[in-house]
Amino acid sequence: MVITKNVDVLVVGGSVSGSMAAEVLAKGKLSTMLIEKEKTPRTKACSGIQFPYFEKLLGKTIPKDVLSQNQMTKTVIHIPEEEPSVETRKDMYKRTGVTWWKRMAYNIMDKQVSKMSPIKTDMSMYNFMRNTFDDWMNKEAITSGAEFHDQHELVSFVQNQDTTFTSTIKNKKDSTTLTVNSKYLIAADGPLSTIRRQMHPEHFTTDSDKKGGAMNYYFSANPNKDGIKVDEHALYQVYDANFNSDMFAWIYQKGVDRVNTKETGFPLWVVGTTFDNAQYKDHAEKFVNWACKTYNVGCEGVAKAHPSSENWALDVATLTPKDRFFFGDKNLLVVGDAAGLIDAYRGLGMDSAALSAQYAAKCILDQPNDAIACYTKKMMPITTPMGKKTSNSKHFFANNTALRFHVIDRFVLSGEGKKMVKCIGKNQKENDSDKMQLC
Ligand SMILES: Cc1cc2nc3c(=O)[nH]c(=O)nc-3n(C[C@H](O)[C@H](O)[C@H](O)COP(=O)(O)OP(=O)(O)OC[C@H]3O[C@@H](n4cnc5c(N)ncnc54)[C@H](O)[C@@H]3O)c2cc1C
């Protein structure tokens with residue numbers, strides 16, 4: 001049986017970007033359908049960490065029961081122990097363009113850092129599980145007037161001569177087919193985007209060795225009985241090129257999760273990492289062993305673990321910026337991870353997903369005849385620095401000596417940490433999401 005529906009906008013993907021876009025469009029009085037292929041609430045391999053300005057960016061208060069019980073207030077940064085060779089230093093000086101006084105400062109800092117590591121800083125962060133958070137976002141879209149269907153998967157679409165879209169959707173609940181005619185189509189369907197793949201299959205790697213991914217291991221354990229040595233309010237950032245190819249590997253606590261740990265009553269601990277090749281699971285296991293030895297988290301027999309992984313076919317780390325960022329064509333707008341916005345260097349993607357979705361939706365409302373030009377223009381200031389950082393980070397994570405130089409330069413010499421705190425504070429005071437930056 002085929003059912004046909006007509007709407008102004010079809011939004012594909014019931015996650016941060018899709019729900020955000022649907023909410024703004026429905027509030028703007030466009031008839032909006034939001035579809036999600038999974039049964040909701042669905043789990044997702046995501047750490048669910050954000051800066052407090054994320055709430056400002058969403059334009060609403062995140063209810064307390066959507067956040068995890070455990071609050072995050074600190075970071076603990078592990079720096080590689082391997083000291084950079086003379087060659088590495090020379091290469092890094094060249095890449096980062098450091099001045100002679102910075103070279104001297106680096107040599108002094110390098111000696112000090114070994115004594116300081118791990119470095120502890122204060123940093124307030126939001127902490128939540130994506131099943132609870134995304135479910136809340138979907139409900140906010142529904143309250144604003146969007147029609148939401150979970151277990152509905154977009155299979156394909158065609159753009160008609162009059163620029164409208166006809167999409168074929170599989171209703172997984174009863175195996176019926178739904179045909180949706182829409183004036184606009186928003187691709188919020190994540191890093192494996194069906195829509196982007198149909199438009200640009202060449203953006204997706206077919207080389208299975210290049211299909212990197214992320215792993216999160218979740219452990220439910222009793223901190224008192226199991227001897228876990230982690231500060232429950234800290235996000236541990238472990239910089240080691242053997243564990244992660246683009247950023248830090250992470251350890252932290254979620255608190256007693258309503259869905260995953262309600263039977264044990266013990267908090268949920270997360271140990272995770274990402275890697276840009278097919279061996280990402282092996283690297284993740286190495287890190288779990290390290291976490292067990294160093295902090296007693298995730299040791300076999302001590303806690304109950306279940307892994308959650310996400311494979312990336314849209315390889316944002318190796319695509320050139322030109323092919324990495326793709327915002328759509330005519331009345332089809334691509335947002336969030338589907339647009340290539342996950343930022344491996346910062347380890348974040350939910351803020352850019354929400355921001356891009358707002359921009360796309362506002363452009364449809366404000367400039368209905370040229371939404372794509374409006375949206376692309378708004379995205380440029382975000383993507384230009386993002387692309388540059390990603391290509392540089394390949395050199396920084398080449399090995400542990402280069403990485404040690406980079407982390408010292410990043411956190412101690414360049415004052416990037418300070419810049420980040422300043423950026424977070426500035427966003428926190430801002431009420432107009434158009435003026436916010438990604439920190
Ligand atoms: C291990 C890991 C840890 C992370 N940690 C953080 C973090 O701490 N903080 C942070 O800010 N970011 C983090 N990220 C990044 C963050 O998860 C993403 O950037 C963010 O979820 C992107 O949101 P999105 O809405 O664009 O896409 P997604 O969250 O990927 O959602 C896409 C949705 O579309 C649905 N879908 C896909 N195809 C179809 C289809 N054909 N039809 C219908 N529905 C479809 C999917 O089921 C999914 O629900 C992490 C990512 C990973 C993998």
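Counting only aspartates and glutamates at least 8 places from LYS388 when in the same chain, those with an alpha carbon closer than 14 Å to its own are ASP246, ASP323, ASP343. Considering only THR194, THR176, THR168, the mean-square fluctuation computed in a Gaussian network model of the chain, springs between alpha carbons under 10 angstrom, is largest for THR176. Among ASP91, ASP246, ASP343, the residue with the largest mean-square fluctuation in a Gaussian network model of the chain, with springs joining Cα atoms closer than 10 Å, is ASP91.
The charge dipole of the chain, taken about the Cα centre with unit charges on the Cβ atoms of Lys, Arg (+1) and Asp, Glu (-1), comes to about 960 debye, rounded to the nearest 20. The angle between the Cα long axis of helix 86-96 and the longest principal axis of the Cα atoms of the chain comes to about 40 degrees, rounded to the nearest 10. The charge dipole of the stretch 291-439, taken about its Cα centre with unit charges on the Cβ of Lys, Arg, Asp and Glu (plus for the first two, minus for the last two), comes to roughly 580 debye.
When a/c is below 1.5 the answer is rounded, else prolate if a/b is larger than b/c, else oblate, so apply that to the stretch 151-194 with a ≥ b ≥ c taken from the square roots of the Cα gyration tensor eigenvalues.
On the way: a/c = 2.65, a/b = 1.32, b/c = 2.01.
Oblate shape, in that a/c is at least 1.5 and b/c is the bigger or equal ratio.
Peptides 12-24, 360-372 ranked from most to least packed, by the mean per-residue count of other Cβ atoms within 10 Å: 12-24, 360-372. For the stretch 1-139, the relative contact order is 38 percent, taking Cα pairs closer than 8 Å that sit 6 or more residues apart in sequence and dividing their mean separation by the residue count.
Tally Lys/Arg at +1 and Asp/Glu at -1 over every other residue whose Cβ is under 11 Å from the Cβ of HIS395; what's the total?
Working: positive: LYS94, ARG95, LYS394; negative: ASP91.
Spelling it out: positives minus negatives among the neighbours equals +2.
Can you work out the FRET efficiency for the pair THR73 and LYS173, with r the C-beta to C-beta distance and R0 = 35 Å, to the nearest 0.05? Rounded to the nearest 0.05, the efficiency is 0.25. What separates the Cα centres of the stretch 180-241 and the stretch 401-431 is a distance of 23 Å.
Which whole-number percentage describes the relative contact order of the chain, with Cα contacts under 8 Å and a sequence gap of 6 or more? Relative CO of the chain lands at 22 percent.
Spatially close Lys pairs in the stretch 65-216, defined by Cα atoms under 25 Å apart and a spacing of eight or more places or different chains, total 18. Antiparallel beta bridges, as assigned by DSSP with both residues in the chain, represent about 65 percent of the total such bridges. From a point 7 Å beyond the Cα of GLU83 in the direction of its Cβ, which residues of the stretch 103-139 have a backbone N at a distance under 13 Å? Label zone hits: 107-115.
What is the local net charge at LYS27, summed over the other residues whose Cβ is closer than 12 Å to its Cβ (Lys, Arg +1; Asp, Glu -1)? Intermediate results must be reported in sequence, preceding the final value.
Details: positive: LYS29, LYS60, LYS362; negative: GLU23, GLU140.
Local charge sum for LYS27: +1.
Largest mean-square fluctuation among LYS173, LYS210, LYS39, in a Gaussian network model of the chain whose springs join Cα atoms under 10 Å apart, belongs to LYS173.
With respect to the chain, whose longest principal axis is taken over its alpha-carbon atoms, helix 280-295 is tilted by about 50°. Label-to-label distance, MET1 versus ASN392, with points set 7 angstrom from Cα along the beta-carbon direction: 5.8 nm. The C-alpha atoms of the chain define a longest principal axis, and helix 350-366 lies at about 30 degrees to it.
Summary of packing: across the peptides 346-358, 382-394, the per-residue average of other C-beta atoms within 10 Å ranks them, highest first, as 346-358, 382-394. Applying a 4.7 Å Cβ-Cβ cutoff to the chain, the cysteines left without a disulfide-compatible partner are CYS46. Taking 0.36 nm per residue of sequence separation and removing the Cα-Cα distance, the THR205/ASP122 pair yields an extension gain of 26.0 nm. The trypsin sites (Lys or Arg not before Pro) of the stretch 47-78 meeting both criteria, a DSSP state outside H, G, I, E and B (loop) and at most 15 other C-beta atoms within 10 angstrom of the site's C-beta, are LYS60.
From the alpha carbon centroid of the stretch 1-70 to that of the stretch 348-375 is 14 Å.
Each reported figure results from applying straightforward, stated rules to the coordinates on display, with no laboratory input. Keep in mind that this is a model prediction, so the values were computed, not measured. Quick reminder, even Gly has a Cβ in these numbers, built from the backbone with ideal geometry, and neighbours come from all protein chains shown.
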